[in-house]
Amino acid sequence: MKQRILIISASSDIGLALSKHWIAIGHEVIGTYRRASPAMEVLRQHGMKFIQYDLADARSTERGIVELRQHGISWDALVFCPGAQEPVGSFLDVDFAEWVKSIEINFTGQMRMTHALLPLRNTESPRGPLVLYFAGGGTNNATVNYSAYTISKIALIKMCELLDAEIGDSRFTILGPGWVKTKIHDATLSAGAKKAGGNYQRTIEKLAGNECNPMERVVACCDWVLTSPRALVSGRNFSVVFDAWGDAWDRRAIAAEPNAAVVRNLRREMAIKNGLKFNLTKLPTNHFWADHLMLTKVCQGQKSVDNPDGAEHGEGPSSEGVERLFIALQLPEAIKAALADLAEPIPGISWIRPNQFHLTLRFLGDVPAAHIEQLDARLATVHVGSFLLPVEGLGAFPPKSPPRILWAGVGHGHPHLYQLRQRLDDAVLAAGVDFDVRTFQPHVTLARCTEKAGAAASQWLRRHREFSAPPFRVESFDLCESQRLKTGVQHTVKRRYSLATGK
């Protein structure tokens, strides 16, 4: 259903990405901006309207509000995308006027616009009007030298909860996008190591590597919130990276448990302290302290995952009465050939056979035969439109140690890829099948390396760092079985499901 969406600071990187996506799928989008950009002109040509204002200037904000009111704009979704990390530095060293200005941009100005624009909400919107904010780092630890930014984001989170309690006809949600490659990090880079401290080098490494959260995943999560009922999303703080948004398990758990958002934050905090990366769908939320104790056990027994989402499916034999399964995308022969051309005779590197190339969507591990029929039925209900997926960029697992796995990536991917992943998790959990707690970094495994091949593998990565293959259209996904034979690991397709029909 077509909706009218008002994006505050549509000229920001996340604001532009959301604008492009929502216009492309037929929504009407109106955006505010402080400085014009070429990307905005392209959006204007597609019918997007813009209103200028400066959130850091109370008078400018008031003028923008007046203009919006004069247009008589009734909205279905109000999305706030502004954010500024300045001033970076110790609280005692920064200019206090700049500190207050940051509070205005990151919190007070957004509340001023929320207060003024809420009367213009469309209360006839099918799921209720949505107000969407963005959180930031520091809610679970002290982000030294970013006090104004951090306290503003914490205030936004609490205000979202308060608005939900006070205004029952609307949805108020806040998302933590994680590390995304946007202009907001320019403040840290400009401040330098002296003011930003350890976060300066960390920012350089994050932006230079493959660990940032793809913008498309942020957009996909916003789409999910936009179409989700109030009982599921309102008054809640979701982490795009750590929370299992979008699957049936989370929907049932959150709707049934008023403290589920608190539980999720506890999980995330404990996971961070234990150096753990995982998908939180493994843990139930039917009771707060049971969840606490289970997470403690997992943190004590589970090591950090260096090889996300099961790049290797043949480790160890399967037990009797079970099948080792995974869900994957198959690649066209032309792309398999392009990937095969990357292979070089390097001691210590074992290249995957081209007929085994695939992109794992979810590694299930050993699945009892009794669950496979139900799993098949649930997977047949998954519907996502076909989409184009690039194959570009190379990397290694683990990213900061001698390589054990060499892989090809999918660039920035596509929003439907992440939607498909979430809906598959939905189906798998509904079928009663558990799965391992690993992060999702879409990739095609190319080779396995021994420890002595580390230097050669790093050189290979540098030689082929510009690798790119033509995008291919994804129209189906497969349920596959992995078997370890005397001749090596063999992957076979058990069933193929069409994205369009699920059959």
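The values are calculated or read from the model by the stated rules, or taken from the named source; none is laboratory data. From a predicted model like this one, the values you see are computed outputs, not experimental measurements. No Cβ is skipped: glycine too gets one built from the backbone with ideal geometry, and neighbour counts run over all protein chains shown. Ligands, DNA and RNA are excluded from the accessible area calculation, which covers all protein heavy atoms including side chains. Shrake-Rupley method; radii C 1.70, N 1.55, O 1.52, S 1.80 Å.
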ILE14: assigned to a helix (DSSP H, G or I), modelled with pLDDT of 90 or more and hydrophobic (A, V, I, L, M, F, W, C), yes or no? yes
Go through (1) out of contact with any Lys or Arg (no Cβ under 6 Å at 6 or more places or on another chain); (2) closer than 30 Å to VAL322 by Cβ; (3) open to solvent by less than 70 Å² (accessible area, probe 1.4 Å) for ALA430 and report which single condition fails. (1)
Candidate set from the range 88-109 (those that are open to solvent by less than 20 Å² (accessible area, probe 1.4 Å) and not aliphatic (A, V, I, L, M)); member that is farthest from the chain's Cα centre (by Cα): GLY89
Answer yes or no: is there a residue in the range 185-201 that is out of contact with any Ser or Thr (no Cβ under 8 Å at 6 or more places or on another chain) and within 19 Å of ASN237 (Cβ to Cβ). no
Based on this model, can you work out whether VAL29 counts as β-branched (Val, Ile, Thr), outside any loop (DSSP other than H, G, I, E, B) and modelled with pLDDT under 85? no
I need the full set of residues from the range 438-482 which are within 30 Å of LEU379 (Cβ to Cβ) and of a type in the set (Asp, Glu), in order please. GLU475, ASP478, GLU481
For LEU232, state whether it is within 20 Å of the chain's Cα centre (by Cα) and either surrounded by 21 or more Cβ atoms within 10 Å (Cβ to Cβ) or closer than 29 Å to LYS20 by Cβ (or both). yes
Go through the range 44-68 and give me each residue that's outside any strand (DSSP E or B), buried (at least 18 other Cβ atoms within 10 Å of the Cβ) and modelled with pLDDT of 80 or more. MET48
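Listed here are the residues, each with its yes/no results for (1) over 26 Å from GLY348 (Cβ atoms); (2) open to solvent by less than 30 Å² (accessible area, probe 1.4 Å); (3) modelled with pLDDT under 85; (4) in a helix (DSSP H, G or I).
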{"residue": "ARG465", "(1), (2), (3), (4)": "no, no, no, no"}
{"residue": "ARG484", "(1), (2), (3), (4)": "no, no, yes, no"}
{"residue": "HIS491", "(1), (2), (3), (4)": "no, no, no, no"}
{"residue": "ALA500", "(1), (2), (3), (4)": "yes, no, yes, no"}
{"residue": "LYS503", "(1), (2), (3), (4)": "yes, no, yes, no"}
Name the residues in the range 428-448 that are at pLDDT 90 or above, of a type in the set (A, V, I, L, M, F, W, C) and touching a Ser or Thr at 6+ places or on another chain (Cβ under 8 Å), would you? ALA447
Give the residues of the range 165-199 that are farther than 27 Å from GLY411 by Cβ and surrounded by fewer than 18 Cβ atoms within 10 Å (Cβ to Cβ), sorted by residue number. ALA165, GLU166, ILE167, GLY168, ASP169, SER190, GLY192, ALA193, LYS194, GLY198
Mind checking whether some residue in the range 320-335 is modelled with pLDDT of 50 or more, among the small types (Gly, Ala, Ser) and open to solvent by 20 Å² or more (accessible area, probe 1.4 Å)? yes
Go through (1) in contact with a Gly (Cβ under 7 Å, 6 or more places away or on another chain); (2) in a loop (DSSP other than H, G, I, E, B); (3) modelled with pLDDT of 90 or more one by one and return the number of the condition LEU342 breaks. (1)
Take the residues in the range 352-403 that are among the polar types (S, T, N, Q) and under 29 Å from ALA431 (Cα atoms), then tell me which one is surrounded by the most Cβ atoms within 10 Å (Cβ to Cβ). THR360
Inside the range 339-351, can you point out the residues that are open to solvent by 30 Å² or more (accessible area, probe 1.4 Å) and not polar (S, T, N, Q)? ALA340, ASP341, ALA343, GLU344, PRO345, PRO347, TRP351
On the basis of being of a type in the set (Phe, Trp, Tyr) and closer than 24 Å to GLU216 by Cβ, does TRP407 make the cut? yes
